[in-house]
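What follows is a set of notes on a single structure, which appears directly below.
What follows is calculated from the coordinates using simple rules that are stated; it is not laboratory data. Note that the coordinates shown come from a computational prediction; the quantities given were computed from them, not determined experimentally. As a convention, Cβ positions derive from the backbone with ideal geometry for all residues, glycine included, and neighbour counts pool all protein chains shown.
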Amino acid sequence: MGSLTTEKSGLPIGWLYASVAAVAYVYSLDQNITPNYLPIAASAYGKHSSIGTIFTVESIINGVSKPFIAKIADVISRPSACMCSLVFYTAGYLMIALSSSITHVITGCMLYTVGHSGLNLVTDIIVADISSLKWRGFVLSLTGLPFLVNTFIGAEIVNAVLKRNAWRWGYGMFVIILPVVTLPAIYILHHKHHHRRMQSVSQNSPSNCSAAGTKQLEDEDGTYWNRLKNVIVRMDFGGLVLIGISFSLLLLPLTLAKSAQRDWTHPSMLVMTVLGVLFISVFMLNERLWTQYPLFPSRFIRNRTLLIIIFIDFLYFMSGWMRTNYLSSYVYIVKDWTPREWSYFNNATTFSLCILGPVAGLIQRYTHRYKTLQVTGLSIRLMQVASQVLIGAGGAFNVAGSRVASQASVPHTDLASVVAILALCTQFGSATGSATATKLWRTTLVPCLIKYLPWLTNEEIQELFGSISKVRQYPYNDPVRQGVIKG
C-alpha cells in the first residue's frame with residue numbers, strides 16, 4: 001500500500017487519521033465492556049466453566065486468523081482486510097445477542113474473534129504505514145489512549161446493563177455502532193488505495209515499461225477472485241490450518257479432560273493428543289519441504305532478535321492468561337462490589353497499560369534502547385502481586401519493546417508478516433495459559449466446594465460451579481456465599 005502520508009488523493013490525510021481514531025475509540029469501548037459480559041452469558045446457560053475453553057479457542061483463532069488478514073491487507077488491500085474483519089465482528093456479536101444455547105455463544109465468540117483480531121491487526125498495519133520507525137512505538141501506543149476515557153464510560157455502561165441483566169443488548173449495541181464508525185474509514189482507505197493504483201497504472205503504462213513489467217502489472221490488476229486465490233497460496237493456507245489444528249488438539253484436552261469420563265484415560269483425550277503431535281510434525285515438514293511461502297521462512301528463523309522476541313512474548317502471554325483467565329469471575333464472587341466497581345477492577349490493567357504506553361514509546365524514541373525498555377517492563381511484571389496497575393505498567397514497557405524490536409529487525413516488505421507471526425505466537429501463548437488455567441479450575445474447584453459446603457447436594461454444587469450469577473444471588477454473609485469464597 002505504501003506510505004499514505006505522501007499521497008495526494010483529494011482527501012486530506014487528516015481524514016484518515018480521524019477515521020482510524022474513531023475506529024480505535026469504538027474498539028476500546030468494546031474491549032472495556034463486552035469481556036465483562038461473557039462470564040454472565042455463560043452462566044445464563046449453567047456453563048460458566050466453559051469460558052476457559054472459549055478463551056483457549058479464541059486465542060488459537062486469534063493467532064491463526066491474523067496471518068490470513070495480513071495477507072489480504074498485503075495482496076488485495078487494507079480496506080478489503082478491514083471489511084472482511086467487520087463482517088466477522090458484527091456477525092459474531094449478532095449471534096451471541098440472539099443466542100439460545102452455550103453453543104451459539106461459543107460460535108459467536110469464534111466469529112467475533114476473527115473480526116476482532118483482524119481489525120486490531122489492520123489498525124496496527126495502517127499506523128505502521130503512516131509513521132516512521134523511530135516514532136512507531138509512540139504512535140502505536142496512541143491507539144490505546146481511548147481506553148483512558150472508556151474505562152470509566154464502560155464501567156457505567158456495564159453497571160447499567162448488568163443491573164437489568166441485559167447482556168444481550170450489551171452485545172447487540174456494537175452490531176450497530178461498529179459498522180457506523182468503521183464504514184467511513186473503509187471508504188477513505190479504499191479511496192486512497194484506488195488513487196494509488198491509478199497512479200501506478202499511469203507511471204507503468206505499457207508504453208513506458210518492459211514486457212515483464214507489463215505482465216506484472218496485469219497480474220496485480222487481475223480479478224478480485226484471482227487475487228484472493230493468490231492470497232490463499234501466498235499465505236500458506238495449508239500451514240495455517242495444520243498449526244491451528246495441532247495447537248487445538250494439544251490444548252483442548254486440558255480444558256475438556258475433566259468433563260470426560262475417565263478423565264485423561266478416555267480414548268478421545270489420548271487420540272487428540274497423539275493427533276496434535278502428528279499434525280505439528282506434518283506442519284514442520286510442510287514448512288521445510290513443500291510450501292512455496294512458509295509461515296516461518298528461513299530468514300525469520302535466522303533472525304535471532306525476532307526469535308527471542310517471540311519466545312519472550314509467548315511466555316509473557318502464557319503467564320498473563322494463567323493469571324487472568326478466571327480472575328474476573330473470582331473477584332465477582334469474593335468481593336461485594338457493584339458491577340461498576342467490578343468493571344473498574346477488570347479494566348485497571350488496561351488503563352495502566354494505555355497511560356504508560358505513550359511514555360514507553362517516548363522513552364524508546366529518545367533513548368533508542370528497546371532492549372532496556374523491555375527488560376524493565378518484564379522486571380516490573382514480576383511484581384504483579386502488588387497491583388493490577390503494576391502489571392499494566394510492565395506490559396506497556398514490554399509491548400513497546402517487542403513491537404519496535406520485531407519490526408526493526410526486518411525490511412518493510414516483511415512488516416505485515418512479522419506483525420502477524422508475532423501475534424500468532426503470542427496468541428498461542430495465551431491459549432496455553434488459558435488451557436492450563438481451565439485445567440486447574442475444573443480440577444480443583446468442585447472438590448473444594450464439596451469440602452466447604454458439605455450440606456449441599458451434588459446437583460446444587462454443580463449448579464453453583466456452573467453459574468457465578470447463581471452464587472451472586474446469595475448475600476455476601478450467607479454461609480453458601482462464604483463457603484464458595486473459601487473454596
Checklist line | Criterion: of a type in the set (G, A, S) and part of a loop (DSSP other than H, G, I, E, B) - qualifying residue of G46, G52, G63 | finding: G46
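Inspect the stretch 303-311 for any residue being outside any loop (DSSP other than H, G, I, E, B) and touching an Asp or Glu at 6+ places or on another chain (Cβ under 9 Å) and give the result as yes or no. Before the answer, list the steps.
Within the stretch 303-311, the subset outside any loop (DSSP other than H, G, I, E, B) is 304-311.
After this cut, where a residue has to be touching an Asp or Glu at 6+ places or on another chain (Cβ under 9 Å) as well, the list is none.
So far as the stretch 303-311 goes, no, none of its residues is outside any loop (DSSP other than H, G, I, E, B) and touching an Asp or Glu at 6+ places or on another chain (Cβ under 9 Å).
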Next item on the list: Kindly check whether there is at least one residue in the stretch 72-89 that is surrounded by fewer than 24 Cβ atoms within 10 Å (Cβ to Cβ) and under 28 Å from T438 (Cβ atoms).
Entry: yes
Notebook entry, point to check: If only one of Y112, Y93 is farther than 20 Å from T438 by Cβ and assigned to a helix (DSSP H, G or I), which one is it?
Noted result: Y93
Check: If you take the residues in the stretch 443-474 that are in a loop (DSSP other than H, G, I, E, B) and among the hydrophobic types (A, V, I, L, M, F, W, C), which one is nearest to the chain's Cα centre (by Cα)?
Finding: L453
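From I485, I468, I461, grab the single residue that is touching a Ser or Thr at 6+ places or on another chain (Cβ under 6 Å), of a type in the set (A, V, I, L, M, F, W, C) and either within 19 Å of S43 (Cα to Cα) or surrounded by 18 or more Cβ atoms within 10 Å (Cβ to Cβ) (or both).
After ruling out the rest, the residue left standing is I468.
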Checklist line | Which listed residue is surrounded by fewer than 19 Cβ atoms within 10 Å (Cβ to Cβ) and within 21 Å of R323 (Cα to Cα), from T444, T426 | finding: T444
